[in-house]
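The values are calculated or read from the model by the stated rules, or taken from the named source; none is laboratory data. Just so it is clear, the structure is predicted and the values come from calculations on it, not from any experiment. Positions of Cβ are generated from backbone atoms using ideal geometry, with glycine treated the same way; all protein chains shown enter the neighbour counts. Ligands, DNA and RNA are stripped out before the accessible areas are found, and what is left, the full protein with its side chains, is counted by its heavy atoms. Shrake-Rupley method; radii C 1.70, N 1.55, O 1.52, S 1.80 Å.
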Amino acid sequence: MRRFLALTFILGCCLASGQDVDTGGEAPNMITSLAGQFFSGDFVNYNVFLNGIYDSRNQTLQTGNVNAGGIGVGGGVALSKNFERSTISLNYRGEYRYYASGFEGSGTNQYLSLLYSYRFSPRWSLSFDATGGIIFYDSPYYNSVPGGGVVTNPFSRETRFLQAGTFVTYQQTRRLSYVLGGNFIMNRYSFQGAIGSTGGILSASVVYKLTARTTVGGTFSHNNFYYQNDVGTSLIDGGYVNVKHIFGRGWEAYVSGGATRVHSQGVIRQPVEVVIPNGQTIIGYVVGPYDTIKFVPTVEGGLRHNFRRLSVGASAGHGVNPGNGTYLTSSHTFFGGSVSHPLGRQAVISGNVNYARLNSIASTISRQYSQNFINAGYSRVLMPHLSAHVTYTYSRYGNFFSYNGVVDNRLTFGIAYSSKSIPFTLF
């Protein structure tokens with residue numbers, strides 16, 4: 001409970017931004033909320049739910065196959081409000097999940113996303129956005145933004161993340177504007193020997209509106225990342241060109257490209273399995289200093305569509321990521337997408353996919369590591385304010401040094417009460 005209150009307090013005071021090193025691309029801010037597909041303008045919707053859960057195995061590399069059932073109970077709130085000069089959107093979801101003892105007990109899933117913007121004058125505006133939470137045996141993360149995001153660790157049953165930022169925009173003319181911003185990023189993991197990361201990003205952008213539908217710009221960013229246990233630091237600088245275009249009815253696309261210079265130094269520690277003389281297997285580490293400078297081609301593109309009954313979002317790219325608690329600063333290839341389609345006002349079908357691949361920049365002993373998640377869900381209103389839902393989740397952690405990859409198949413089903421009579425979903 002104290003951890004829950006502390007996280008809520010921090011997220012209420014701090015505001016956050018994207019997880020990947022900023023390419024300056026104008027990625028769509030998708031605080032995805034099912035309520036947002038059923039209501040336009042201002043709305044408030046809250047819910048509580050009770051789930052039954054079945055997993056084919058524990059989602060860590062150090063545990064053998066364990067079939068386990070569990071229960072989850074929680075709730076959330078989604079709201080959007082427009083004022084004369086400002087807009088605020090909030091989406092929170094919290095869950096307490098209990099598994100049988102063979103599945104290493106219980107934990108909490110939490111997710112909070114906040115967006116606030118304020119216009120001081122016709123030329124000056126300020127924006128804040130925040131994302132944070134706790135991921136417990138789950139894909140990253142509830143209502144995830146497609147594209148680069150938090151990369152969970154294959155040895156950790158829990159990932160905690162906080163991303164906070166603010167941006168100031170000055171509009172010199174109807175076409176030309178400037179954006180200055182700063183972000184804070186923090187990742188923490190729960191297994192012994194985990195290496196959390198803390199970092200900051202400063203960025204400056206020039207944005208020019210060519211037409212009513214096409215915007216171009218350029219961005220420079222400077223990033224510092226520091227790792228726990230004094231194992232290393234990274235200085236990351238990049239320059240990028242950005243283009244955004246609106247086409248058709250309700251379609252928006254963006255692309256960003258450039259190069260990133262990374263200077264990483266410290267002491268690398270990579271886990272390996274070691275068999276001692278009595279035949280017992282224990283975890284050892286390959287340790288060595290590093291001081292590496294690399295240039296990483298950086299590109300990202302995305303697409304979104306919000307029109308009547310269909311909501312689609314997708315993005316893909318290659319850039320730099322602070323790592324996953326074992327791999328430190330890494331080149332990061334990613335793909336993410338989500339889709340939802342209401343079936344009248346009584347049902348909805350939705351799904352998302354998230355793929356990430358890391359290659360360590362910090363070490364000559366690095367190997368490629370990947371993870372991917374697929375979700376598909378269906379929900380229907382049974383009676384006013386009460387709905388039922390079912391979700392299938394496929395999770396895969398790839399091979400990691402001497403550890404074989406693992407796959408978990410999860411089935412979640414339950415009922416939910418909502419303040420509005422809309423279907424309930426996990427997305």
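A simple packing score, the average count of other Cβ atoms within 10 Å per residue, orders the peptides 242-250, 353-361 as 353-361, 242-250, with the highest score first. Positive contributions from Lys and Arg (+1) and negative ones from Asp and Glu (-1), summed over other residues with Cβ under 13 Å from the Cβ of residue 135, come out at +2. Each residue of region 249-254 was assigned a 3J(HN,Hα) from its phi angle through the Karplus expression (A = 6.51, B = -1.76, C = 1.60, θ = phi - 60°), giving 10, x, 9, 9, 10, 9 Hz with x at Gly and Pro.
Is region 312-365 rounded, prolate or oblate when judged by the Cα gyration tensor, a ≥ b ≥ c being the square roots of its eigenvalues, rounded requiring a/c under 1.5 and prolate requiring a/b larger than b/c? Since a/c reaches 1.5 and a/b is larger than b/c, the shape of region 312-365 is classed as prolate. Between residue 383 and residue 66, the contour length at 0.36 nm per residue exceeds the Cα-Cα span by 110.4 nm. Ranking 186, 383 by solvent-accessible area of protein heavy atoms (1.4 Å probe, all protein chains present), from largest to smallest, gives 383, 186.
The calculated FRET efficiency for the pair residue 343 and residue 214, based on their C-beta separation and a Förster distance of 25 Å, comes to about 0.10.
Straight-line reach from residue 81: taking Cα to Cα under 23 Å and skipping same-chain neighbours fewer than 8 places apart, the lysines in range are 420. The residue 229 and residue 402 beta-carbon pair, evaluated with R₀ = 35 Å, returns a calculated FRET efficiency of approximately 0.95.
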